[in-house]
1. What whole-number distance in Å separates the alpha-carbon centres of the stretch 145-166 and the stretch 67-101?
2. Below 24 Å, Cα to Cα, which lysines can K98 reach? Residues fewer than 8 away in the same chain don't count.
3. Considering just Cα atoms, how many Å³ per residue does the convex hull of the stretch 107-168 enclose?
4. In µm²/s, what is D for the stretch 47-122 at 4 °C and 1.567 mPa s, where D = kT/(6 pi eta Rh) by Stokes-Einstein and Rh is the Kirkwood radius from Cα pairs?
5. Ordered by residue, what ³J(HN,Hα) values in Hz, to whole numbers, does the stretch 106-114 give under the Karplus form 6.51 cos²θ - 1.76 cosθ + 1.60, where θ = phi - 60° and Gly and Pro are x?
6. If you scale each eigenvalue of the Cα gyration tensor by 5 and take the root, what three semi-axes come out for the stretch 42-174, rounded to whole angstrom and sorted largest first?
7. Test of the criteria: in the stretch 88-158, which trypsin sites (Lys or Arg not before Pro) are in a DSSP loop and have at most 15 other Cβ atoms within 10 angstrom of their Cβ?
8. Counting other Cβ atoms within 10 Å of each Cβ, which GluC sites (Glu not before Pro) in the stretch 54-151 have at most 15 and sit in a DSSP loop?
Amino acid sequence: MRFLLYLLTFFLTACSNEESMIKNFIQDNNLPFEEMKEVSLLETHDGKKKIELFAKQINRYLNSDIEIFLKDSVHVIFYNDSSKVISLLTSDNATIDKHNVMKVYDNVILDNNNDKVLKCKELIWDEKTNKIYTTNNVEIITNKETIYGKGFTSNTDFSEYTITSITGSVNMKN
């Protein structure tokens with residue numbers, strides 16, 4: 001019994017919470033302010049779907065240039081004015097900065113639900129300009145050709161795009 005009393009006294013006197021340590025722990029920017037699992041977010045304009053986002057995990061941070069980390073399977077669905085799916089952007093991970101610029105990375109695929117698929121390591125989507133772009137290598141696969149390049153810019157439906165340095169096989173009609 002005496003041993004238990006000594007042990008209890010030791011633990012009670014050994015544990016202390018210094019206010020400065022607690023503040024440093026709470027204000028640590030390495031810890032997320034919020035953590036969400038199995039998330040689905042929907043953005044609408046005038047009652048119409050515009051963007052739908054899915055992620056297995058989202059961590060939100062305060063006082064950081066990167067405010068949101070999306071982890072483990074990220075899917076962004078873009079809709080047109082008729083709420084019809086126009087393209088699907090997938091990746092393993094993504095970040096969103098304080099200016100609402102999303103960077104998707106690791107196994108990135110942009111599919112326009114029609115005839116084009118883009119594959120690359122990293123893409124950036126700027127919501128303000130509604131442009132998707134990268135300075136990295138890209139591969140575009142269509143029903144008729146495969147195009148490789150470095151540097152890419154597109155609208156969100158992937159109907160109009162430019163590639164900076166292009167290589168690959170291209171079918172041309174006379």
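1. 18 Å
2. By straight Cα distance, K98 reaches K37, K49, K50, K56, K71, K121, K128, K131.
3. Values: hull volume 4.6 nm³, N = 62.
Enclosed volume per residue, from the Cα hull, is 75 Å³.
4. D = 99 µm²/s.
5. 6, 6, 7, 9, 10, 10, 8, 6, 9
6. Working: eigenvalues 139, 63, 31 Å².
They are 26, 18, 13 Å, listed largest first.
7. K98, K128, K144
8. E127, E145
Rule-based calculations on the coordinates, nothing more; no lab input. Keep in mind that this is a model prediction, so the values were computed, not measured. Glycine also receives a Cβ, built like all others from the backbone with ideal geometry; neighbour counts cover every protein chain displayed.
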